[in-house]
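The values are calculated or read from the model by the stated rules, or taken from the named source; none is laboratory data. Computed from a prediction, not measured in an experiment: that's the story for all the values here. Don't worry about glycine lacking a Cβ; one is built from the backbone with ideal geometry, like all the others, and counts go over all protein chains shown. The area values use the complete protein model at the heavy-atom level, side chains included, leaving out ligands, DNA and RNA. Shrake-Rupley method; radii C 1.70, N 1.55, O 1.52, S 1.80 Å.
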Amino acid sequence: MAQLSIRIDFEPSRSALGPGMAELLERIASQGSIRRAAASMDMSYRKAWLLIQEVQKTFDGPVVTAAAGGIAGGGSHLTELGEKLLQCYRRIEAGATRAVQPDLRLLALMVKADAAPRRSARKKAAGKKSGSP
């Protein structure tokens, strides 16, 4: 099976919106916390926060709102801008995938049956076997 991965680069800022950022935004929306979303992706809170800051600078507005912790526990959610970015990215991704589906199938058929996975794919698979998300 072959999958298409989309990364959109923005000039002149040199920032990007790709599958990792989209996943982070989705997890913040579903888990209500930057810290929990980052941890679920084996990412530090600091790295998640820096990625969010970069996107906010690129689009000149907040994509996530964060409330301080305490008795109520704080929390985070996507702003209207954050939701729009995520929806737009997912539409682009779905449209591109539909457009190239025949070619993806062709490429998948050309892959050797005993082809070794990429290094990063092996690490992810090993992490899942050991019980991490």
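Restricting to the stretch 47-73, give me the number of residues that are in contact (Cβ under 8 Å) with a residue 24 or more places away in the chain, open to solvent by less than 70 Å² (accessible area, probe 1.4 Å) and of a type outside the set (A, V, I, L, M).
So the count comes out to 2.
What do you reckon, is LEU104 part of a helix (DSSP H, G or I), open to solvent by less than 90 Å² (accessible area, probe 1.4 Å), in contact with a helix residue (DSSP H, G or I) (Cβ under 8 Å, 6 or more places away or on another chain) and at pLDDT below 95?
yes
For ALA115, all conditions in the list (1) at pLDDT below 95; (2) in a helix (DSSP H, G or I) hold save one; what is the number of the exception?
(2)
Quick one: what pairs do we get from the stretch 79-93, first residue within 18 Å of ASP60 (Cα to Cα) and hydrophobic (A, V, I, L, M, F, W, C), second open to solvent by less than 50 Å² (accessible area, probe 1.4 Å) and assigned to a helix (DSSP H, G or I), C-beta under 8 Å, 6+ apart or different chains?
LEU85/LEU25; LEU85/VAL55; LEU86/ALA22; LEU86/LEU25
Can you tell me how many residues in the stretch 28-67 are within 28 Å of PRO12 (Cα to Cα) and not hydrophobic (A, V, I, L, M, F, W, C)?
Of the residues in the stretch 28-67, 13 are within 28 Å of PRO12 (Cα to Cα) and not hydrophobic (A, V, I, L, M, F, W, C).
For the stretch 53-83, give me each residue that is modelled with pLDDT of 95 or more and part of a helix (DSSP H, G or I).
Passing the criteria: GLU80, LEU81, GLY82, GLU83.
Just to be sure before I move on: is SER13 at pLDDT below 95 and among the hydroxyl-bearing types (Ser, Thr, Tyr) in the structure I sent?
Here the answer is yes, as SER13 does meet what is asked.
When the stretch 29-48 is examined, which residues are found to be in contact with a His (Cβ under 7 Å, 6 or more places away or on another chain) and of a type in the set (A, V, I, L, M)?
Residue satisfying the conditions is ALA29 alone.
So in the stretch 34-46, with the set limited to residues that are surrounded by fewer than 13 Cβ atoms within 10 Å (Cβ to Cβ) and without any contact (Cβ under 8 Å) to a residue 40 or more places away in the chain, which one is farthest from ALA66 (Cα to Cα)?
Result: SER44.
Taking the condition of being more than 17 Å from PRO19 (Cα to Cα) and within 24 Å of the chain's Cα centre (by Cα), how many residues in the stretch 108-121 meet it?
The qualifying residues number 4.
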